[in-house]
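The values are calculated or read from the model by the stated rules, or taken from the named source; none is laboratory data. Everything numeric here is computed off the predicted structure, so don't read it as measured data. Methodologically, a virtual Cβ is constructed for each residue, glycine included, from the backbone with ideal geometry; neighbour enumeration extends over all protein chains shown. Side chains included, ligands, DNA and RNA excluded: accessible areas come from the protein's heavy atoms. Shrake-Rupley method; radii C 1.70, N 1.55, O 1.52, S 1.80 Å.
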Amino acid sequence: QHYYTEKNKVSPITALLATGGILIGIGFIALVSSFWSTFSIPFKFFILFASTLTLFTSGFIVEKRYFKTGRSLWYAGSLAFGASVFFIQSFFQPFYFEPYNVLLIVTGLLPLLYFLKDRLITTVLLLF
């Protein structure tokens, strides 16, 4: 009898951590958008830059010891990066959707895609 284990099988823990990372990213978007009009423009830039940088840096550091948790932080950072692009665009043209923002997000996340070689981010970027 020949038994083998499938290496690319998604475990419940992986799914839970990926969902947690996505929910952290959505929570970031909800928090910033609910108080967006009360912040000054320099503080808005600081929040967007610092949160995106913090999520990416913590994902890089945590991934060495806890791989799946690090990946969920990378996912949250990707969502924060995408939200930051749309929020910064709203500084200049409020109430206007620019379709090139999606292209900017995909182009900005391509180096991350190359670095991580992750299927989830690849699939999401290919859908755009």
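Matching the structure-derived Rg/Rh (Cα atoms, Kirkwood Rh) against the labelled list [x] 0.93; [y] 1.00; [z] 1.05 gives the label [z].
Taking a point 7 Å out from the Cα of residue 46 in the direction of its Cβ, none of the residues of the stretch 79-103 has a backbone N less than 15 Å from it. Averaging the Cα positions of each part gives two centres, and for the stretch 85-114 and the stretch 8-41 these lie 17 Å apart.
Listed by number, the DSSP H helices of the chain that run 20 Å or longer by alpha-carbon position along their axis and have mean Kyte hydropathy of at least 1.0 are 12-34, 41-63, 100-116. Just need log10 I(q)/I(0) for the stretch 43-98 at q = 0.22, 0.29 Å⁻¹, Debye formula, equal scatterers on the alpha-carbon atoms, no solvent, rounded to two decimals. Results for the stretch 43-98 at q = 0.22, 0.29 Å⁻¹ read -0.76, -1.02.
Carbon-plus-sulfur accessible fraction, the chain (probe radius 1.4 Å, protein heavy atoms only): 73%.
Ordered by 1.4 Å accessible area with all protein chains kept, 68, 44, 117 run largest first as 117, 68, 44.
Once the 1.4 Å probe is applied to the protein heavy atoms, the chain comes out at 71 Å² accessible per residue. Counted residue by residue at 0.36 nm each, then reduced by the alpha carbon distance between them, the extension gain from residue 23 to residue 38 reaches 3.0 nm.
When you work out D = kT/(6 pi eta Rh) for the stretch 62-128 at 4 °C and 1.567 mPa s, using the Kirkwood radius from C-alpha pairs as Rh and the Stokes-Einstein form, the result is 100 µm²/s. From the Cα gyration tensor of the stretch 85-124, with a ≥ b ≥ c the square roots of its eigenvalues, which class applies: rounded if a/c is under 1.5, or else prolate if a/b is larger than b/c, or else oblate? Prolate, because a/c is 1.5 or more and a/b exceeds b/c. In the chain, the calculated helix contribution to ellipticity at 222 nm averages -26500 deg cm²/dmol per residue, counting -39,500 (n - 2.57) for every DSSP H run with n ≥ 4.
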